[in-house]
1. Which of the residues spanning the range 174-204 are assigned to a loop (DSSP other than H, G, I, E, B), in contact (Cβ under 8 Å) with a residue 40 or more places away in the chain, within 14 Å of VAL145 (Cβ to Cβ) and more than 18 Å from the chain's Cα centre (by Cα)?
2. Any residue in the range 34-51 that is in contact with a Pro (Cβ under 8 Å, 6 or more places away or on another chain) and not charged (D, E, K, R)?
3. Go through the range 1-27 and give me each residue that's within 19 Å of ALA41 (Cα to Cα) and open to solvent by 70 Å² or more (accessible area, probe 1.4 Å).
4. Sort out which residues of the range 28-55 are charged (D, E, K, R) and surrounded by fewer than 12 Cβ atoms within 10 Å (Cβ to Cβ), and write them in order of number.
5. Just give me the residues in the range 163-182 being under 22 Å from ALA90 (Cβ atoms) and surrounded by fewer than 12 Cβ atoms within 10 Å (Cβ to Cβ), in sequence order.
6. Quick one: ARG85 ticks every box in (1) open to solvent by less than 30 Å² (accessible area, probe 1.4 Å); (2) modelled with pLDDT of 90 or more bar one, so which box is it?
7. Is there a residue being in contact (Cβ under 8 Å) with a residue 60 or more places away in the chain, open to solvent by 40 Å² or more (accessible area, probe 1.4 Å) and in contact with a helix residue (DSSP H, G or I) (Cβ under 8 Å, 6 or more places away or on another chain) anywhere in the range 100-117?
8. Please work out which residue is modelled with the lowest pLDDT, limiting yourself to the range 118-141 and to residues that are of a type in the set (S, T, N, Q) and open to solvent by less than 70 Å² (accessible area, probe 1.4 Å).
Amino acid sequence: MIRIAVIDNDKLVPAGLRALLADTTDITLVHTATTVAGYLAAQAAGPDVVLLDLQLEDGTHPDANVIALRATGAAVLVISVHGDRRHVRATIRAGASGYLIKDDDADKLIDAIRTVHTGHLALTTELMTLINDDPPELSPQELQVLYLYGTGSTLAATARRLGIAIPTVRSYLDRIRAKWAATDEPVQDIRALIHEYPLPDPPA
């Protein structure tokens, strides 16, 4: 028997999942929660697979949530309303075993649960294509600006660290946004892009 848990903001999701699994004899829902912290505090049944909503309302980061859940020994299957490449790549890198779109049908969900339970990766062909695509290429200067700004430096601090003017920092950030927009993936929070690139060499 595969024991699963669900962590989702929408309290109707577990009810829907129970209905989907009604005729499935090898999967049972043993725990539900609306936050990872709440799940970890109450965990008792030791689920084999955790279905994790990508965007929880408590402000936690998806990759950090995956890491925390993987530490319990459970496989993690991320579920979301969309398949944004940055989120797919970040959660898979953090240790998630699969990623599903919420409008995927019941058969896909059941197959994904069984797949991750056996230790394999559960991704659709479309999502595999997304994570295998290389991100837009950035210049060394753009990478430096992205890393410093993306790890919490202000525009002024980034400019001082790199020995450039604040308008130059803004120009580099605008170029990065433009490169991502050109791939049909406009960026709302540029700081999230640091997960898409290796760490740059330290500035001289």
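The values are calculated or read from the model by the stated rules, or taken from the named source; none is laboratory data. Model, not experiment: these values are computed from the prediction. So basically every Cβ, Gly included, is an ideal-geometry build from the backbone, and we count neighbours across all protein chains shown. Remember, those area values only see protein heavy atoms, side chains included, never the ligands or the DNA or RNA. Shrake-Rupley method; radii C 1.70, N 1.55, O 1.52, S 1.80 Å.
1. LEU199, PRO200, ASP201, PRO203
2. Looking for residues that are in contact with a Pro (Cβ under 8 Å, 6 or more places away or on another chain) and not charged (D, E, K, R), one finds none in the range 34-51, hence no.
3. Across the range 1-27, the qualifying residues are ARG3, LYS11.
4. none
5. Hit for the range 163-182 is ALA182, nothing else.
6. So ARG85 meets the others, but not (2).
7. So far as the range 100-117 goes, no, none of its residues is in contact (Cβ under 8 Å) with a residue 60 or more places away in the chain, open to solvent by 40 Å² or more (accessible area, probe 1.4 Å) and in contact with a helix residue (DSSP H, G or I) (Cβ under 8 Å, 6 or more places away or on another chain).
8. My answer is THR124.
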